[in-house]
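Report on the following structure.
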Amino acid sequence: MQDPPLRILRLQLTYLAIVALVVLLQTLPLQSLPYPFAPADVPLAITLAWIMRRPDVMSPILITLAFLFADAILQRPPGLWTLIVLCASIFLRMRTRGRKEVQFLYEWFIISLVIAVSFLVQYFALMFTFLPVPDLQPYLVQVLLSILIYPICKWLFRPMLRFALTQTMHPSASRATR
């Protein structure tokens, strides 16, 4: 079940474009008052959904480029969140190797743990390096919203991230599935 390299490249460029668009939309001033809570980390949820569905498409270099761009645009400490997300993605890639589908609740539980640990590592890294630490309550809301947005990202990108089944099947089997 191998996709052609051109399709994989197209998926990688699509991922970069989606993350760049989401990050740029986060910088738009949609209201004049400050937000009462921190928004969900949508690029993280998108990345984790893509890794769980297609780990072969999500290379570490691709994730690094996307999150370094996000760090620069969102004015976060450069490379800290990128390194945390990269470690989380490598952990998830190792867990998905050899498996196709797992039950969604189990997957969501694992993703929730990964998101919570990632935010916790970032919080303590900021604290130990004497950088400004966000308030805890909005930070916890951001963690919760990031966990809750994961199923939406998984559902949105599911059709796009299917393997090319018809290319690898026998011609008579591909007609039977239509």
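Details
- Entry remark, the range 43-74: residues being of a type in the set (Asp, Glu) and over 24 Å from Pro5 (Cα atoms) number 1 in total.
- The residues of the range 16-63 include none that are at pLDDT below 90, among the β-branched types (Val, Ile, Thr) and either buried (at least 22 other Cβ atoms within 10 Å of the Cβ) or not in a loop (DSSP other than H, G, I, E, B) (or both).
- Single condition Ala66 does not satisfy, out of (1) without any contact (Cβ under 8 Å) to a residue 12 or more places away in the chain; (2) part of a helix (DSSP H, G or I): (1)
- Pair list, Cβ under 7 Å, 6 or more apart: the range 35-57 residue under 15 Å from Leu86 (Cα atoms), other residue hydrophobic (A, V, I, L, M, F, W, C) and not in a helix (DSSP H, G or I): Trp50/Val57; Trp50/Met58; Trp50/Leu161; Ile51/Met58
- Restricting the range 69-83 to residues that are without any contact (Cβ under 8 Å) to a residue 40 or more places away in the chain and more than 12 Å from the chain's Cα centre (by Cα), the residue that is least open to solvent (accessible area, probe 1.4 Å): Asp71
- Any hit, the range 91-98, residues being closer than 17 Å to Tyr139 by Cβ, more than 14 Å from the chain's Cα centre (by Cα) and open to solvent by less than 80 Å² (accessible area, probe 1.4 Å): no
- Residue match in the range 89-107 (condition: of a type outside the set (Asp, Glu) and under 20 Å from Phe69 (Cα atoms)): yes
- Qualifying positions in the range 114-129 - surrounded by fewer than 13 Cβ atoms within 10 Å (Cβ to Cβ) and either aromatic (Phe, Trp, Tyr) or part of a helix (DSSP H, G or I) (or both): Phe124, Met127, Phe128
- Annotation: of all residues in the range 160-178 being open to solvent by 50 Å² or more (accessible area, probe 1.4 Å) and among the aliphatic types (A, V, I, L, M), the one that is modelled with the highest pLDDT is Met160.
- Filter result for Phe157 (in contact (Cβ under 8 Å) with a residue 12 or more places away in the chain and surrounded by 11 or more Cβ atoms within 10 Å (Cβ to Cβ)): yes
- Condition broken by Gln75, with the remaining ones in (1) out of contact with any helix residue (DSSP H, G or I) (no Cβ under 7 Å at 6 or more places or on another chain); (2) part of a helix (DSSP H, G or I) satisfied: (2)
- Considered as a group, the residues in the range 130-154 that are open to solvent by 70 Å² or more (accessible area, probe 1.4 Å), assigned to a helix (DSSP H, G or I) and among the hydrophobic types (A, V, I, L, M, F, W, C) include one that is farthest from Ile46 (Cα to Cα), and that residue is Leu136.
The values are calculated or read from the model by the stated rules, or taken from the named source; none is laboratory data. Being a predicted model, the structure only gives us computed values, none of them experimental. So basically every Cβ, Gly included, is an ideal-geometry build from the backbone, and we count neighbours across all protein chains shown. The area values use the complete protein model at the heavy-atom level, side chains included, leaving out ligands, DNA and RNA. Shrake-Rupley method; radii C 1.70, N 1.55, O 1.52, S 1.80 Å.
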